[in-house]
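The values are calculated or read from the model by the stated rules, or taken from the named source; none is laboratory data. For clarity, every value in this text was computed on a predicted model and none was experimentally measured. All Cβ positions, glycine included, derive from the backbone under ideal geometry; neighbour counts span all protein chains shown.
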Amino acid sequence: MNLQAAFQLSTEPIDTTLLSRTLADDAAGAFVSFEGRVRNSNEGQKVLSLEYEAYVDMAISEGASVIDEAARRFDLIGALCVHRTGSLSIGDVAVWIGVISGHREEAFAACRFIIDEVKLRVPIWKKEHYVDGSTDWVAPPSVDAR
């Protein structure tokens with residue numbers, strides 16, 4: 001069985017339906033996905049929009065390492081993570097993760113592992129634009145915040 005695994009960056013909106021279909025395998029008893037969406041507030045500030053910037057080569061490399069590690073650790077059949085870059089509006093999907101495995105326990109655990117490790121290890125930065133006209137670069141979560 002060939003492992004379907006990839007990490008991608010996208011400047012275009014994420015088509016979650018299409019991505020879900022790419023993770024089809026008759027051996028998969030479980031499919032779990034996660035959508036991280038742009039919300040309208042953060043730490044008491046009303047958010048108008050976000051910008052994501054990435055160190056592209058390093059992000060692709062480290063993101064692929066996260067996916068490969070999850071695939072080995074959780075015995076996955078497939079895993080895919082797509083992260084947006086550029087300007088995003090409230091409600092847009094900023095990151096999508098999908099995993100397939102033989103059983104749900106591994107799929108849920110792998111999906112959680114991937115989002116936590118991507119936020120921790122992959123060089124992607126988020127700039128929030130607030131309703132009052134101010135902006136701020138948001139620090140990634142620390143290891144302790146997981």
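Can you name every residue in the stretch 1-38 that is among the basic types (Lys, Arg) and either closer than 21 Å to VAL56 by Cα or touching a residue at least 40 places away in the same chain (Cβ under 8 Å) (or both)? Of everything in the stretch 1-38, just one residue is among the basic types (Lys, Arg) and either closer than 21 Å to VAL56 by Cα or touching a residue at least 40 places away in the same chain (Cβ under 8 Å) (or both), namely ARG37.
Of all the residues in the stretch 1-24, those that are under 16 Å from SER101 (Cβ atoms), in a loop (DSSP other than H, G, I, E, B) and out of contact with any Gly (no Cβ under 6 Å at 6 or more places or on another chain) number 4. The lone criterion from (1) surrounded by 12 or more Cβ atoms within 10 Å (Cβ to Cβ); (2) modelled with pLDDT of 95 or more left unmet by THR17 is number (1). Hey, can you tell me all the residues within the stretch 60-82 that are touching a helix residue (DSSP H, G or I) at 6+ places or on another chain (Cβ under 7 Å) and assigned to a strand (DSSP E or B)? Those that are touching a helix residue (DSSP H, G or I) at 6+ places or on another chain (Cβ under 7 Å) and assigned to a strand (DSSP E or B): LEU76, ALA79, LEU80, CYS81, VAL82. When ARG72 is tested against the conditions (1) free of Cβ contacts under 8 Å to residues at least 40 places away in the same chain; (2) touching a His at 6+ places or on another chain (Cβ under 8 Å); (3) of a type outside the set (A, V, I, L, M, F, W, C), the lone failure is (2). Across the stretch 25-47, the number of residues qualifying as within 15 Å of GLY91 (Cα to Cα) and in contact with a Gly (Cβ under 9 Å, 6 or more places away or on another chain) comes to 5.
Can you tell me which residue within the stretch 66-82, out of those that are of a type in the set (A, V, I, L, M) and touching an Asp or Glu at 6+ places or on another chain (Cβ under 8 Å), is farthest from ASP26 (Cα to Cα)? Steps first, please.
The initial filter retains those residues of the stretch 66-82 that are of a type in the set (A, V, I, L, M), namely 66-67, 70-71, 76-77, 79-80, 82.
With the extra rule that they be touching an Asp or Glu at 6+ places or on another chain (Cβ under 8 Å), the set shrinks to 66, 70, 76-77.
Numbers: VAL66: 24, ALA70: 20, LEU76: 13, ILE77: 10 Å.
Among those residues, the one meeting the criterion is VAL66.
In the stretch 39-59, which residue that is in a strand (DSSP E or B), in contact (Cβ under 8 Å) with a residue 24 or more places away in the chain and hydroxyl-bearing (Ser, Thr, Tyr) is surrounded by the most Cβ atoms within 10 Å (Cβ to Cβ)? Filtering the stretch 39-59 for residues that are in a strand (DSSP E or B), in contact (Cβ under 8 Å) with a residue 24 or more places away in the chain and hydroxyl-bearing (Ser, Thr, Tyr), the one surrounded by the most Cβ atoms within 10 Å (Cβ to Cβ) comes out as TYR52.
Restrict the check to the stretch 102-112 and report whether at least one residue is in a loop (DSSP other than H, G, I, E, B) and either of a type in the set (Phe, Trp, Tyr) or at pLDDT below 95 (or both). Show your work before the answer.
Filtering the stretch 102-112 down to residues in a loop (DSSP other than H, G, I, E, B) leaves 102-103.
From what is left, the residues that are either of a type in the set (Phe, Trp, Tyr) or at pLDDT below 95 (or both) are none.
No, that holds for no residue.
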